[in-house]
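Asker: Could you have a look at this structure, given as structure tokens, before my questions?
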């Protein structure tokens with residue numbers, strides 16, 4: 001896409017998100033729920049992309065925003081007024097998840113946020129009991145196994161029929177439990193916890209709750225205040241339609257004073273007065289400083305990625321404008337068809353039939369070898385693992401994409 005004045009206007013929010021259709025053409029239809037599927041907001045492609053749960057394609061407006069940021073970094077005079085809106089993006093994210101803006105901050109990634117929480121709780125040094133489940137992010141499994149090796153007691157709640165039953169969580173959360181760690185929506189199969197129910201039982205036992213929300217925010221409604229969750233983290237490159245290298249962390253206001261400070265970053269400061277440079281006021285210390293009394297003051301470090309912020313300024317406007325409930329309803333019209341048809345074709349569904357997330361997963365021995373060549377030839381992309389495949393639908397997908405995939409998958 002050429003960097004034109006029009007694209008700069010789009011990227012800075014001076015034109016509605018939905019007006020950018022292709023690089024050289026415009027669609028003046030407003031971006032509302034009636035626009036789903038929103039194909040005109042993304043590049044035309046022969047690829048049938050059903051893998052947004054791995055990484056979401058950038059919209060054309062988001063691409064324009066990134067290019068405008070880069071033009072400004074290159075000192076292009078035409079981009080001199082571009083504003084990536086760093087604080088505004090935090091406020092938009094807080095609105096999306098129903099949190100207060102002082103409860104959210106930027107982090108590098110979901111995993112970075114999760115590990116910051118453990119350090120802030122003094123774990124594993126202070127000991128205690130952690131409850132986790134086997135549908136949590138597989139990349140976090142070594143984290144909690146290491147907690148166990150370093151003296152923590154860790155209880156793993158096993159999945160049953162693609163679900164983590166509430167009664168099993170209740171049995172695992174005993175008095176003395178320090179933390180319950182889970183994925184609100186599982187990357188494995190799309191199972192969604194009843195987060196409020198888990199938080200209620202955890203809090204009754206004196207435990208805090210951390211939720212990985214990377215597979216929830218942007219595709220299913222998330223209300224952090226209503227859930228009562230204490231901590232949550234997620235990155236921006238999946239359902240937030242952002243980019244790698246930036247995520248968000250939520251820390252419930254009431255919990256913040258309980259946390260051990262483990263980060264001392266410049267970006268978290270509210271005041272800084274040195275006493276060692278020319279013309280500085282005198283002072284006994286090298287510098288006087290204070291940290292912000294919020295999530296940013298507790299967890300911010302140094303610089304964070306700027307291009308994702310520019311992109312999120314666009315994509316969060318889109319998500320808020322269309323409404324996540326409408327996005328979820330659109331995805332369900334496609335996912336319901338997949339669940340029914342895959343079951344009839346003999347595939348082993350590992351996603352609960354009642355799930356309302358945009359993810360469908362099946363167990364299939366040697367899936368990558370059996371399906372990889374066929375999908376590549378048909379120019380279809382889904383997630384293929386050694387013994388599992390996963391399909392995830394988003395705003396630009398339609399029933400034709402689903403039928404094309406089913407034709408290639410055939411019967412198990």
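Asker: Got the relative contact order for the chain handy, in percent, Cα pairs under 8 Å and 6 or more residues apart?
Answerer: Dividing the mean separation by the residue count of the chain yields 21 percent.
Asker: Quick one: if the Förster radius is 30 Å, what FRET efficiency do residue 336 and residue 412 give, using the C-beta to C-beta distance and rounding to 0.05? Walk me through the numbers before you get to the answer.
Answerer: Working: r = 19 Å, r/R0 = 0.64.
That pair, residue 336 with residue 412, gives E of 0.95.
Asker: From Cα pairs below 8 angstrom and at least 6 apart in sequence, can you work out the relative contact order of region 145-250, rounded to a whole percent?
Answerer: 20 percent
Asker: Ranked highest first by average number of other Cβ atoms within 10 Å, how do 193-205, 255-267 line up?
Answerer: The densest-packed peptide leads the list: 193-205, 255-267.
Asker: Right, another one. Match the structure shown to one of the listed values (i) 76, 61, 35; (ii) 68, 57, 50; (iii) 65, 48, 40 of Cα extents along the principal axes in Å, computed from it, and give that label.
Answerer: Correct label is (i).
Asker: Continuing with the same structure: Report, for the chain, the % of DSSP beta bridges that are antiparallel, rounded to 5.
Answerer: 55 percent
Asker: Once the principal axes of the Cα atoms of region 177-278 are found, what is the range along each, listed largest first in whole angstroms?
Answerer: Computed over the Cα atoms, the extents are 59, 36, 20 Å.
Asker: Further, regarding this structure: Only bridges with both residues in region 87-315 count here: give the DSSP antiparallel percent, nearest 5. Mind showing how you got there, number by number?
Answerer: Values: 16 of 34 bridges.
If I count the DSSP bridges inside region 87-315, around 45 percent turn out antiparallel.
Asker: Sequence gap at least 6, Cα distance under 8 Å: using those rules, report the relative contact order of region 217-335 to the nearest whole percent.
Answerer: 30 percent
Asker: Output the peptides 375-381, 295-301, 95-101, 43-49 sorted from most to least packed, where packing is the average of other Cβ atoms within 10 Å over each peptide's residues.
Answerer: Final packing ranking: 295-301, 95-101, 375-381, 43-49.
Asker: Sticking with this structure for a sec: Give me the number: length gained by fully extending residue 205 to residue 46, i.e. 0.36 nm times residue separation minus the C-alpha to C-alpha distance, one decimal in nm.
Answerer: Numbers: separation 159, 0.36 × 159 = 57.24 nm, distance 5.30 nm.
Using 0.36 nm per residue and subtracting the Cα-Cα distance, I get 51.9 nm.
Asker: Quick one, can you get me the convex hull of the C-alpha atoms of region 87-315 expressed as volume per residue in Å³?
Answerer: Residue-normalised Cα hull volume stands at 133 Å³.
Asker: I've got another one for you. How do 156, 239 line up, fewest other C-beta atoms within 10 Å first?
Answerer: Taking fewest neighbouring Cβ atoms as first place, the list is 156, 239.
Each reported figure results from applying straightforward, stated rules to the coordinates on display, with no laboratory input. Remember, it's a predicted structure, so these values are computed and weren't measured experimentally. Glycine also receives a Cβ, built like all others from the backbone with ideal geometry; neighbour counts cover every protein chain displayed.
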